[in-house]
Structure formats: C-alpha cells, structure tokens
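None of the figures in this text is laboratory data; all of them are computed from the coordinates on show. Quick caveat, the model's predicted, so the values are computed rather than measured. FYI the Cβ positions are ideal-geometry reconstructions off the backbone, even for glycines, and counts take in every protein chain you see.
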C-alpha cells in the first residue's frame, strides 16, 4: 500500500514537472500545420498518464506541435485490449502508425521520439 502511494505521488510529481517545464510548440504557417495534422491522422499514442517515458514522448509531440490521438491504456479497457491485440503486449509508450493500409506498432520512447523528429521536425 505504501509503495503504491509512493508510485502515485511520484507519478503526479512527474506530470506536474512536465506541466511547469513544457517546451514551446513549434510554430508553422497554417498550410504547413495543416499538412502535419493530416500526416498525424494515422498516428495514435498508447500511454499511461504518469509514466515518465510517456511524459517524455508527449513532450516531444508538444514540442513538434503534432496532434496525435492519445489512448489511455491503463484506465480504458478498450484501448488496453487494442494495444494487446495489435501490438502483442501491454507496454507503453507505444505509437500505432497506420500508413498505406499497413499498421505498425512502435515501442520504446527513444525509437518513437527519433521517428517523430525525423518525420515532423523538417515540416
């Protein structure tokens, strides 16, 4: 019970720290931002709200100004089941990438961030 309380408290500190130190959003003209939004329609991030690796990934999405659907795999049984069935395991963060009718499940925050930087930093 004490360990769970510590985990919850630490998680909330991480979320608060993210909130007060969030990086500025990348500014784009309206056409470029619309292009980014269109490309991001095929993306969904399965995550836990207070997971430090998920926070790190969400910070990158915020910094790059990429509107990606966030799916709560901890509290939403539908999203949790979709993650398990599609990705093969309940591990977060996980980026679901749908391109040209093909779905890819990308785990590991480092890999997801590298993918996002490569795909959206230049736009």
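Contour minus end-to-end for residue 8 and residue 89, with contour as 0.36 nm per residue of separation and end-to-end as the Cα-Cα distance?
Net length gain for the segment: 26.9 nm.
How many angstrom separate the Cα center of region 1-45 from the Cα center of region 63-100?
Going from one Cα centre to the other spans 14 Å.
Residue 15 label point, 7 Å along Cα→Cβ, cut-off 15 Å on backbone N: hits in region 42-66?
It comes to 47-56, 58-59, nothing else.
Return a whole-number percent for the relative contact order of the chain, with Cα pairs under 8 Å and 6 or more residues apart as the contact set.
26
Given a Förster distance of 35 angstrom, what is the FRET efficiency for residue 25 paired with residue 98, based on the Cβ-Cβ distance and rounded to 0.05?
The pair residue 25/residue 98 has a calculated efficiency of 0.90.
Can you give the helix-only mean residue ellipticity at 222 nm for the chain, where every DSSP H stretch with n ≥ 4 adds -39500 (n - 2.57) and the sum goes over all residues, rounded to the nearest 500 deg cm²/dmol?
-17000 deg cm²/dmol
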